[in-house]
Each structure stands twice: as C-alpha cells, then as structure tokens.
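Coordinate-derived values only; no laboratory data. For clarity, every value in this text was computed on a predicted model and none was experimentally measured. Positions of Cβ are backbone-derived with ideal geometry, glycine not excepted, and every protein chain shown enters the neighbour counts.
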Amino acid sequence: MKPTFYVTTPIYYVNDVPHIGHAYTTVAADVLARYKRLMGYDVYFLTGSDEHGQKVEKAAITAGETPLELADRVVKRYQALWERLGISHSDFIRTTQERHKKGVSEIFSNILAKGDIYLGEYEDWYCTPCETFWTETQLIEGRCPDCNRPVEKLKEESYFFRMSKYQEQLLAHIEAHPDFIQPKSKRNEIVSFIKEGLRDLSVSRTTFTWGIPVPGNDRHIIYVWFDALTNYISALGYPDETGNYSRYWPVDVHLIGKDILRFHAVYWPTFLMAAGLPLPEKVFAHGWWTVEGQKMSKSLQNVVEPNMLIDKYGVDVVRYFLLREVPFGLDGDFSHTALIQRMNSDLANDIGNLLSRSTAMAVKYFEGILPEPSEMIDIDLALKTKTGEMIAIVDKFIDELAFSKALQAIWDVISAGNKYIDDSAPWTLAKDPANRGRLATVMHTLLESQRITHCVLSAFLPTTAGKALASLGYAEEISKEKLVWGGLKAGTVITKVEALFPRYEGKE
RNA sequence: GGCGGUGUAGCUCAGUUGGCUAGAGCAAGCGACUCAUAUUCGCUAGGUCCGGGGUUCGAAUCCCUGCACCGCCA
C-alpha cells in the first residue's frame, strides 16, 4: 500500500478577492502535492472556501441576493484561478456544503456532551451600527476602531469552549513535537502566547444568522473559527471515521499564512484534543508579500491580482517566482523588476536556453534521432552523478518545505549542463567524423540529464516540464522509478521546439 | 511596557558546536566560445561582518552595552 500524504490550504473567505497571498499558499501546496504524488504517495490535497459569517450576510443583502447565491457566484473566482494556476487539488470544500455542516455539528455536540463547551455570558464592548464586539484593548480612545462611534458594554449569552483546560497538554505536545509549528520563530511566539495563559473561548454568536446553528439551540450560530477549522476533517467525511478520514487523518501539513497561525496552532489543536482526535503533524506558517516595497492594501490599490500576472508572464513564471524568490516562512517583496529578472536569468537564459541549444544540436548533428551512446568518460559521469544526487537534495528540501532551496538545487544541475556543453564542445567534435561516437555520448548525457531534471521540475512547473519532455521525445508517465539514469533510449526523436520562456525586454 | 528576532559585498542572502587569505546568486567590468532565446563559459568584489567594550592564543560566530529595524503579546 502506498504511503499517504495529506496537505491543506486554508479555506479562503469567499467574499475576498483572490490576491497573490492566496495564490502563494495554494501554489506551494500544489507543488508539495505534485511532488509527493511523483514520489509514489497517495496524496489528498484539500482547498476550499469559507462562506459563512456576518460579512457575507451583509454583502448578500447589499447585492440583493441570498448569502448562498452570493457565495455560489463569487466562489468561482477562486475556482477559476486555481484552474488557471494548474492547481491539482483533490477536493474543494465549501463550508455551506452538507458534509461540512454535519461535521461541525457533530464535533460541537461531541465536545458539548463531554462538558468542554458550556453556556455562559460574553461581556464586551459593542458597537451597534457595526454589530461588532470589541475587547477593551481594541477600542481606540473608548470608541469603535472601525467607525469611531461610541460603544456600549453589552452582555451576550454565548457558548464557551474550555480552552484553558488544555493549556498544559498543548504545551507538552509542542514540547514533544519540535516540528509541530514551523518555522521555529513562529513556534516560539505561540509558546509564549500559551504561557501567558489560555482563556476559555467564546464559540457562538447570536448577532447574525448566516452560519451553522448550535445543535439544539438555534439562536446561536457557531463561531467562525470553530466552523472553518473543522473543514480539514469534514472534507474527509468526519464524523464517519472510516474511509478518507481513517486513510488521511492526521494531516501531514496545514499550510497557512502567518496571520492565522494562532487559530491553527492553538485553537484547532485544543478543539481536537477535546474531541479526542489526533493532532496535525505540522502547521507551517509562511510569510507575507509586500508589493514594490509596500504593504499590500486595498486603499493603496496595489493588490496584486494573480490573473493579471498570469496574463502578462505566464503560469509557470508566476509559480516559479513565488517559490524561488523568497524562502518559505519569510516575508518577501513582489516587484515586476524582480520577477522579470528571475524570468530572464533563471528561466529564459538558464533552463530555456539550455534545452534550446541541446535540442538544436541533436537536430543538427543527428537529424533529431537520439544516437546510441558509447562509453562515458569523466565529465559525462560527473554530470550524471550530479543529476542523480540532486534528487535526494530536492527531496530533503521539499520535506522541509524549503521550496526555494529545492529549486536552487535543481538549478545547480541546469548550470552544470550549460557548463558541460562548453567543456565538451560538441561543435568541435562535429567537425571530425572520427568523433562521432564521442559526440553521441555527449548528446545523450546532456539530454538525459535534462530529462530527469524536467521530470522533477514537473512538480513545480508542470506546463513547462511537459513541453520540455515532449521536445525530448519522452512521453512516459513520470514516477519515482523514472528518475534514474537511462530513460532516454537511442532512436528517440528529439525536436527543437519554441522557447520554453521568452526573454522579457520591456521595461515592465 | 513584557518576550523574541534581525542588522555580513550595490541588491537578496549563506555562514554547523568560535579557528585556513569572510562565501553564493544577481547586478557591474574584462576575456573566451559560437550549439543556442546577443544566450553560455571563465576571471574580477579588497566589504569598519551596525557602533563600543569584554572573554580567548584566536570571534561575523560567546558575554555586556548602545543604536536601528521587525515580530508576538499587553
């Protein structure tokens, strides 16, 4: 039986417009999923949308439709973008689906029955026009931070989750599992947050209706995070603990943005503990993108729209840039200049041109029919070895979610390929018929190295890798077993195709 | 205010437990080749490793202190 691998993105808020941050998490998850599939894993890759809450309810009223109509309409923005980005998710969960509501109701009832959810009173400052509760510390000079109007102290009946009870258990878990929260700096933040003391968490609201009602008490709607986080198991069929749930849970990694780390590293694990379910293996919080050095915001109108980037540069350029430019886990800056730099240097000049010059020579010297190689000498063997070693290096970096390092390792082989051509100088060999055998070996070595490279790269740049492998006359389905040397057979038809990546000469 | 982090070549950053003349990529300059998307390959960086003090035979790497920036919490 294949080993399993379960990876998730957050479910994105349906009312938001997809931006580069959403694309980032999802592309990273996709690369991970594709890579693990390639390596023989039985992969479940989940993404989806969070469709409940007051904002959706309000937006729907404004638009003159029901909340579900609104959600149905706008969820397509995400689904269409994932389609364009080549996202290979196994499932797309919407929190308005019956399977999800069932899962949430069940886990809520379960914890309620165990006594870790109880009915109490929630007292805080309430802004009536905004219909929002604020804590004392959120207020700005005693007024609503959103609209600056006066607030009043209000008591609301609310269900509470006994999160405080799980403080020590959670700390012990984090202690025992050093990789549970990553990167490390974020883990430390969470640890100090927990040590300051966990309070019980209000997990229901009575101020709006668009959501999942508390079982047995319709006046209460289950709080957003309790609802949303449960998607990770409701999508697997929970409360049915057979089938996909037993197959994939606990999740191997939740990929998230750093803004929602607390919910994933504190709330979610304690919910699971209370429900008696296993905890995630890993929660990885990646960084934020600034744009041209500035924080992304609607008011600055600098939100980077992924569709625009794809139109302008192409899918794989965007995928490559996002994962190569910045170490996963750190913040990074998006700029057109930097993207074009990467595109020209790494993609057009290095990898694109390497394939171009290689296939051109195969066509020119051997009419595009891959010749039988003769004995390999040192420089051939060096490239072969380097190509083989790259696989283990990439594997290690992928496990660490160090996507940029994995790509660097792949590019080391690309560079070695370019250098190999200069060192072996096929154009010189071609001048003397006596070197025919040697030339054949050089061409074979060169193309085989790229065949393996593009097989690995298919996890990152599926479209490009497909084009490159087609150019190499390689049509087999890629798998771990195919990553060993010798996949290209003599007689294979090599064709020079259009450039994998254009050079971008414009200013922006 | 509490806790934590960062500050290394023009830019982005690597630099395990302190130890050869402090490294990589990109940018820039020079040279070489010509198969290729004027692409590739080679060579070239003399950077107070934020400032100051200390420990040590020896510190970018440890300790103290100052400055700057950032994150989490309050």
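Annotation: peptides A:218-229, A:70-81, ranked by per-residue average of other Cβ atoms within 10 Å with the highest first, follow the order A:218-229, A:70-81. Under the convention that each Lys and Arg Cβ holds +1 and each Asp and Glu Cβ holds -1, the size of the dipole of the stretch A:158-276 around its Cα centre is about 280 debye.
Against chain A, whose longest principal axis comes from its Cα atoms, helix A:167-176 is set at around 10 degrees.
Between the helical axis of A:98-114 and the longest alpha-carbon principal axis of chain A there is an angle of about 50 degrees.
Modelled spin-label separation between A:ASN302 and A:GLU367, with each label point placed 7 Å from Cα along the Cα-to-Cβ direction: 5.9 nm. Couplings for the stretch A:467-482, taken from phi via the Karplus curve 6.51 cos²θ - 1.76 cosθ + 1.60 with θ = phi - 60°, read 4, 5, 5, 5, 4, 8, x, 9, 10, 6, 5, 7, 8, 4, 5, 7 Hz in order; Gly and Pro are left as x.
What distance in nm lies between label points placed 7 Å from Cα along the C-beta direction at A:GLU476 and A:ASP200? Roughly 6.3 nm, to one decimal.
If each residue of separation counts as 0.36 nm, what is the full-extension length gain between A:GLU168 and A:LYS396 once their alpha-carbon separation is subtracted? Display every interim value, and only then the final one.
Numbers: separation 228, 0.36 × 228 = 82.08 nm, distance 3.26 nm.
Gain on stretching A:GLU168 to A:LYS396: 78.8 nm.
In this simple spin-label approximation, A:LYS489 and A:ALA63 carry label points 7 Å from Cα along the Cα→Cβ vector, and these lie 5.5 nm apart.
Computed from backbone phi, the HN-Hα couplings of the stretch A:220-237 come to 9, 9, 5, 4, 3, 6, 5, 5, 5, 4, 5, 3, 5, 10, 5, 5, 8, x Hz, rounded to whole numbers (Karplus: 6.51 cos²θ - 1.76 cosθ + 1.60, θ = phi - 60°; Gly and Pro given as x). Using a/c under 1.5 as the rounded threshold, could you call the stretch A:281-400 rounded, prolate or oblate? The axes a ≥ b ≥ c are square roots of the C-alpha gyration tensor eigenvalues, and prolate needs a/b larger than b/c, oblate otherwise. The shape class here is oblate.
Ranking A:ASN231, A:ALA430, A:LEU46 by Cα position along the charge dipole of chain A, where only Lys, Arg, Asp and Glu carry charges on their C-beta atoms, puts A:ALA430 farthest toward the positive end.
Run the numbers on the stretch A:238-394 and let me know its relative contact order in percent, using alpha-carbon pairs under 8 Å that are six or more apart. Walk me through the numbers on the way to the answer.
Working: 104 pairs, mean separation 27.5, N = 157.
Computed value for the stretch A:238-394: 18 percent relative contact order.
Both radii are taken from the alpha-carbon atoms of chain A; with Rh as the Kirkwood radius, Rg/Rh is 1.05.
In plain terms, the chain from A:LYS295 to A:ASP432 could stretch by 43.3 nm, reckoned as 0.36 nm per residue minus the Cα-Cα distance. Summary value for the stretch A:341-482: 30 percent relative contact order, contacts being C-alpha pairs under 8 angstrom separated by 6+ residues.
Quick check on the exposure proxy: order A:MET390, A:MET296 from fewest to most C-beta atoms within 10 angstrom.
Values: A:MET390 23, A:MET296 18.
Least crowded to most crowded, the residues run A:MET296, A:MET390.
Per-residue Karplus couplings for the stretch A:451-465, computed as 6.51 cos²θ - 1.76 cosθ + 1.60 with θ equal to phi - 60°, are listed in order as 4, 5, 4, 6, 5, 5, 5, 4, 6, 8, 10, x, 5, 4, 4 Hz, Gly and Pro entered as x.
Let's test the formula: R0 of 30 Å, r as the Cβ-Cβ distance of A:ALA360 and A:SER415. What FRET efficiency results, to the nearest 0.05? Don't jump to the answer; show the numbers that get you there.
On the way: r = 19 Å, r/R0 = 0.63.
In this case the efficiency is close to 0.95.
What FRET efficiency comes out for A:SER335 versus A:ASP16 if R0 is 25 angstrom and r is the Cβ-Cβ distance? Round to the nearest 0.05.
0.60
What is the extension gain from A:ALA382 to A:SER185, computed as 0.36 nm multiplied by their sequence separation minus the C-alpha to C-alpha distance, in nm to one decimal?
67.0 nm
Taking 22 Å as R0, compute the FRET efficiency from the Cβ-Cβ separation of A:SER90 and A:SER246 and round it to 0.05.
Details: r = 16 Å, r/R0 = 0.73.
FRET efficiency, A:SER90 to A:SER246: 0.85.
Assuming charge only on the beta carbon of Lys and Arg (+1) and of Asp and Glu (-1), the dipole of chain A about its Cα centre is about 780 debye to the nearest 20.
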